[in-house]
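Trainee: Can you keep this structure in mind? I'll have questions shortly.
Since every read-out is calculated from the coordinates, none of them should be taken as a lab result. Keep in mind it's a predicted model, so treat the numbers as computed, not measured. Using ideal geometry, Cβ is built from the backbone for each residue, glycine included, and neighbour counts are taken over all protein chains shown.
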């Protein structure tokens, strides 16, 4: 398993770096779109669609919606605002699982939830790419999420006692969440001190980083909630040793839209 993970990571990393740093405009939108469409194919299974025709059909719908969003950038603020509201709702659904299942709206509702998860993530990345220092903004949000994940793993393994959401993901603990949060905040603090941010700017950055990390955990738990409900361990086997695409991007689908909205509120870039 470890060998598979290393080989897959070694193949995917240069592809990801090329996509994020060298592609621009439509090419970048298509690159991220491929990832999102593959995620949609996996999400259809989590929503209860077992047939390949239905899953491919859902992926096509998502692809067409991405084309529409690319053609109508005026929809971006509405979509991202809706995304922030959705992740607040998702937090309540995760905390109240399994009772919250009755609020999902069955298969149709689960498919709509998939749109709320996938489309804003694509939109947010496309926006970030066009903003000042867009490449580094994308790296920044990913580092926040990955650092939190690594910090949570080690602190949870060493200190984990109190379960965070035992009905959804028994392996996660409050100690892990706190450890991951501290890791990301330390990185944010060091970056802020290195760049000489003002006390106010640094305080806002730390607050924003904390919100992004917390919502990234909700993104992870939301996918885990749907996997547990459908009795599925991994979203797919597209990435040997890593599971599926959704298993790799679940935290980012929540973190990236909120990160983008917070930067916009701070006056970083236009819609």
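Trainee: What is the spin-label model distance, in nm, from residue 186 to residue 34 if the labels are put 7 Å beyond Cα along the C-beta direction?
Mentor: Spacing of the two 7 Å Cα→Cβ label points: 3.7 nm.
Trainee: If you don't mind, another one. Under the 0.36 nm per residue contour assumption, what length would be gained going from the current alpha-carbon distance of residue 158 and residue 131 to full extension? Can you show the working numbers first?
Mentor: Numbers: separation 27, 0.36 × 27 = 9.72 nm, distance 3.98 nm.
In short, 5.7 nm is gained.
Trainee: Based on the mean of other beta carbon atoms within 10 Å per residue, what is the order of 253-260, 131-138, most packed first?
Mentor: 253-260, 131-138
Trainee: Cα centroids of segment 178-247 and segment 114-133: how far apart, whole angstrom?
Mentor: For segment 178-247 versus segment 114-133, the Cα centre distance is 16 Å.
Trainee: Quote the convex hull volume per residue of the chain, based on C-alpha atoms, as a whole number of Å³.
Mentor: Residue-normalised Cα hull volume stands at 133 Å³.
Trainee: Is the shape of segment 84-155 best called rounded, prolate or oblate, per the rule: a/c under 1.5 gives rounded, else a/b larger than b/c gives prolate, else oblate, with a ≥ b ≥ c the square roots of the Cα gyration tensor eigenvalues?
Mentor: oblate
Trainee: Spin-label point model (7 Å from Cα, Cβ direction): what's the residue 81 to residue 101 distance in nm?
Mentor: It is 3.5 nm.
Trainee: Residue 268 to residue 67: FRET efficiency via 1/(1 + (r/R0)^6), r the Cβ-Cβ distance, R0 30 Å, to the nearest 0.05?
Mentor: 0.65
Trainee: Rounded, prolate or oblate, given the Cα gyration tensor of segment 43-116, with a/c below 1.5 counting as rounded?
Mentor: In terms of gyration-tensor shape, oblate.
Trainee: At R0 = 30 Å, how high is the FRET efficiency between residue 230 and residue 17 if r is their beta carbon distance? Nearest 0.05 is fine.
Mentor: Between residue 230 and residue 17 the formula returns 0.35.
Trainee: Moving on to the next point. Would you mind classifying segment 36-183 by shape? Square roots of the alpha carbon gyration tensor eigenvalues, ordered a ≥ b ≥ c; an a/c under 1.5 is rounded, otherwise it is prolate if a/b is larger than b/c and oblate if not.
Mentor: Cα axes put segment 36-183 in the oblate bin.
Trainee: Another question, then. Quickly estimate the mean residue ellipticity at 222 nm for the chain, helices only: each DSSP H run with n ≥ 4 gives -39500 (n - 2.57), and the total goes over all residues, rounded to 500.
Mentor: When only DSSP H runs of four or more count, the value is -27000 deg cm²/dmol.
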